[in-house]
Amino acid sequence: MKATDGRRRFGAGLTAGILAAGLALAGCSASGTSASSAGGNAARGPAAGAAPAGGGAAAGNAAAPPTTGSKPDSGKAVAAGHAVIFSGEVQLQCAHVDATLKQAEDVVSAAGGFVDSETSGDNGFLPTAGSSDASGQPQAQPLPAPTQTGGDSAQAVFKVPTTAYDATYQQLLGLGAVLGRERASQDVTAQVVDLASRIRSQQASIDRVNALMKQAGSLNDIVALESALTQRETDLESMQSQLAALQNQVAMSTITVQLFQKAAPPVVAAPKQRGAWSAAGHALAAGCHGLYLVGRALLVAFSAMLPFLLLLLPIVFIGYRLARRRKPEAPE
């Protein structure tokens, strides 16, 4: 009986040890594969191996980044297999802001794009555009506010397919007088390839943990494996979201359009013709005004001297009285 119990304990301990070793091996294999894949991105390039089934489908799609057909600032075509984010900004001056904004929306809609955000202001005021979008990727530097503008103004942020980015940008430039323009591009191929590789490694680690769960023989082993599986699945979803955001930015470029109404020319009043009576009236008014200024100056001077007069008047009066007393009376 004692020998049987000893063999059972030995078998349970051996099973727990095998599960713990397998779990540790899965974690080490995932981290090691991710590190080695990140270090070999430059040699491997976008054409990575096929991803496993299930959650690795997104990684398989990301292994070959979409080829952009637009042109970067240098004018050279984007190399096949490269993932590039394009952005631009345009400042236009027009006679009618609302009509020009409608034309810009029509141009973007015809290219397969859409309006991401839109704001308007008065007297040439517009909120300052940021230099990065919600995902944190750098965009074209915001242009300074132009001068010699007034009236209505508007700003619209458009998302257009990258394949139509260059043509759409040029069409938007023709909607008004160009006050300023800015274009920017960023190659994110390395980030896309790195995320795709990490997703494949994480999916492989999840598959190994699932295999270990099928061999678990105790409740404690199942709880530990489920905790590890939950953490790995959370990390996988986070990386898949980052990859999807990058792919969306590569597929849809950003163009910011600012519209300003032309400033109205200043109105110059025509000089009025004055007759004799008008000139006499102006002269009389000027004389009255001069008299008023003189009287006000005298009043100010008297007010300034009044404290001194109040102080000197008693002294002069006493001196006068003393002088009268000392003066000898004339003989009769």
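Would you calculate the separation in nanometres between label points at ASN248 and PHE302, each defined as 7 Å from the Cα along the Cα-to-beta-carbon direction?
8.4
Let me know the Kirkwood hydrodynamic radius for segment 193-247, please, with Cα pairs as the basis and the value in Å to one decimal.
12.0
Taking the highest mean first, how do the peptides 294-307, 199-212 order by number of other beta carbon atoms within 10 angstrom per residue?
Ranked by mean Cβ neighbours within 10 Å, highest first: 199-212, 294-307.
Roughly what would the spin-label model give for GLU237 and TYR292, points 7 Å off Cα along C-beta, in nm?
Label at GLU237, label at TYR292, 8.1 nm between them.
Taking the beta-carbon count within 10 Å as an exposure proxy, list ILE315, ILE255 from fewest neighbours to most.
Fewest to most other Cβ atoms nearby, the residues stand as ILE315, ILE255.
When a footprinting reagent is the concern and you count Cβ atoms within 10 Å, what order do CYS94, CYS288 take, fewest first?
CYS288, CYS94
What ranking do 216-227, 81-92 get when scored by the average of other Cβ atoms within 10 Å per residue, highest first?
81-92, 216-227
What whole-number volume per residue, in cubic angstrom, does the convex hull of the C-alpha atoms of segment 155-227 give?
153
Taken together, the values in this text are just the output of simple stated rules run on the coordinates, not laboratory data. Just so it is clear, the model here is predicted, and its values are computed rather than measured. With ideal geometry, Cβ positions are generated from the backbone for all residues, glycine too; neighbour counts draw on all protein chains shown.
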